[in-house]
Amino acid sequence: MKAVLAIIALLLLTGARDPILVPEVSQHEVQLRQGFTGTELLLFGAILSPDGTRAAHDYDIVVVLKGPTQSIILREKQKIAGMWINADSTELRSAPSYYALASTRPIAGIVDDKTAAIYELGLKWLQLSPIGAIDPAEQQRFADGLVDLNTRNGLYRQDEGSVKVSEQVLYQARIALPSRVPIGTYTAETFAISKGRVVASASSTVEVRKLGIERAIADFAENNSVAYGLLAVALSILMGWLAGRIFALI
């Protein structure tokens, strides 16, 4: 309690004018069941002045929903002698499994490149952290390839101009999660920006988890990888044998 009072007193003494963000998410848990075809999250909240009243002026709002980061290996395929084979490859240490951005207007008109890179505001500015030495041009080529692939799969998206702000107080953004959305803990970050400067930020989390038979299979595959592999091979052999027997009787 004393710490809270001290912060309030400091805000009053310094005349702090930066806003306070109060974010919320329509669902803090997304359950992936059989037949899941995707869903839509509503990220909303309020922009308040330090004394709890309506913010003094308009702010640009940027909302970023990011899935768990992962280390992945990207391989480039080339067609040689009529066959597609693996060619160049690189490993990325921190590629987000899902990334979506929504903003009040185009990012280029809200912040400069340096600020966008610091806060990863936009697909262009994702910090993928390649492992090992790699030529910058090659790094950019692989990064562009990853972004293009995940954008086509619905896992990366950038919707500029989709955040709505009402009466300088309430904001909202709708972000779609595809049917193949990865499981894990997602971070929803909201940024209030004025004159190219991030003046406030706040975050909340969303859990994406599998339930039912999908969860049982995923847990079995993760905890018993060898048995899962053998079972998959045995099942494939069985299905092939059954298909052969059926065609033999026709």
Inset, instruction - Scan the stretch 193-222 and report the pairs whose first residue is modelled with pLDDT under 90 and whose second residue is in a strand (DSSP E or B) and open to solvent by 70 Å² or more (accessible area, probe 1.4 Å), with Cβ atoms within less than 7 Å and a gap of 6+ or a chain change. - result: LEU211/GLN31; ALA218/LYS210
Inset, instruction - Kindly provide the set of residues from the stretch 174-197 that are touching an Asp or Glu at 6+ places or on another chain (Cβ under 8 Å), within 16 Å of GLU40 (Cβ to Cβ) and not basic (Lys, Arg), ordered by number. - result: ILE175, ALA176, LEU177, TYR186
Inset, instruction - Mind counting the residues in the stretch 142-165 that are surrounded by fewer than 16 Cβ atoms within 10 Å (Cβ to Cβ), part of a helix (DSSP H, G or I) and out of contact with any Leu (no Cβ under 7 Å at 6 or more places or on another chain)? - result: 5
Inset, instruction - Hey, could you check the stretch 105-141 for residues that are of a type in the set (A, V, I, L, M, F, W, C), modelled with pLDDT of 90 or more and out of contact with any strand residue (DSSP E or B) (no Cβ under 7 Å at 6 or more places or on another chain) and say which is least open to solvent (accessible area, probe 1.4 Å)? - result: ALA116
Inset, instruction - Say whether the condition of being assigned to a strand (DSSP E or B) and free of Cβ contacts under 8 Å to residues at least 12 places away in the same chain is met by at least one residue in the stretch 166-179. - result: yes
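The values are calculated or read from the model by the stated rules, or taken from the named source; none is laboratory data. Note that the structure is predicted; figures quoted are calculated from it, not measured. Counting neighbours? That spans all protein chains shown, and the Cβs are built from the backbone with ideal geometry, glycine included. Each accessible area value is taken on the protein alone, full model and side chains, heavy atoms only, with ligands, DNA and RNA left out. Shrake-Rupley method; radii C 1.70, N 1.55, O 1.52, S 1.80 Å.
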